[in-house]
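Here the structure comes first, spelled out in structure tokens, and everything after it is commentary.
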Amino acid sequence: MTFFIVIDKLNIIDGWNFNEFFVHALLAKPLGNFLSILGYEVLVDRDTLIYYDTTLGYTQRVWIADDCSGIYSIFIFISFFISYIVVEYKKFDSYALYFLIIGVISAYVANILRMALIILAGHYRGGDALEWAHVNVGWMLFTLWMLIFWIIIINTLGLDKNNFSGRIKK
């Protein structure tokens with residue numbers, strides 16, 4: 001975390017600090033593009049997304065914080081994955097590297113989907129729905145994504161289905 005605090009003080013583009021640039025380039029802009037592809041009119045202004053709230057009849061602004069990056073979810077995933085590789089799979093080969101990369105990319109995509117669902121909740125149902133979605137959709141989507149990913153991992157990397165730990169001898 002200290003790394004992000006230190007690098008935040010660096011101005012990498014005139015008038016932008018690192019966190020603003022990071023949020024704009026990796027979160028706000030891709031989210032705006034995704035919603036535009038889906039047919040919604042949105043405007044991205046640095047780390048802010050402007051959308052139309054149909055319940056109020058005018059636009060609303062949502063600030064996207066660097067905490068919305070999904071970086072904590074990615075760190076949790078990487079920790080779980082490395083633990084699995086060390087304890088169960090016992091080797092770091094090209095399959096493990098492949099699934100690690102796919103896992104990180106899919107965690108990022110799941111985060112963009114999470115943010116899109118939050119904005120759509122605000123678009124169709126207003127600010128209260130946006131707040132509810134902000135609190136709940138993230139952990140629900142992360143849990144679903146992890147479940148699907150681990151089912152694929154366990155079936156692909158080959159755990160003995162009769163002996164889940166793969167090491168307990170009777």
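Here are a few things to note about the model shown:
- Candidates Ile85, Ile37, Ile74, Ile12: the one that is β-branched (Val, Ile, Thr) and at pLDDT 95 or above is Ile37.
- Scanning segment 73-94 for any residue that is of a type outside the set (Lys, Arg), assigned to a loop (DSSP other than H, G, I, E, B) and more than 26 Å from Leu117 (Cα to Cα) turns up at least one such residue.
- Taken over segment 21-62, the criterion of being among the aromatic types (Phe, Trp, Tyr) and either more than 21 Å from Asp128 (Cα to Cα) or exposed (fewer than 13 other Cβ atoms within 10 Å of the Cβ) (or both) is satisfied by Phe21, Phe22, Phe34, Tyr58.
- Residue within segment 119-130 that is in contact (Cβ under 8 Å) with a residue 40 or more places away in the chain, among the basic types (Lys, Arg) and either farther than 23 Å from Ala25 by Cβ or surrounded by 12 or more Cβ atoms within 10 Å (Cβ to Cβ) (or both) present: yes
- Flag if Val109 is over 15 Å from the mean Cα position of the chain (by Cα), without any contact (Cβ under 8 Å) to a residue 12 or more places away in the chain and part of a helix (DSSP H, G or I): no
The values are calculated or read from the model by the stated rules, or taken from the named source; none is laboratory data. Predicted, not measured: the structure shown is a model, and the values here were computed from it. Positions of Cβ are generated from backbone atoms using ideal geometry, with glycine treated the same way; all protein chains shown enter the neighbour counts.
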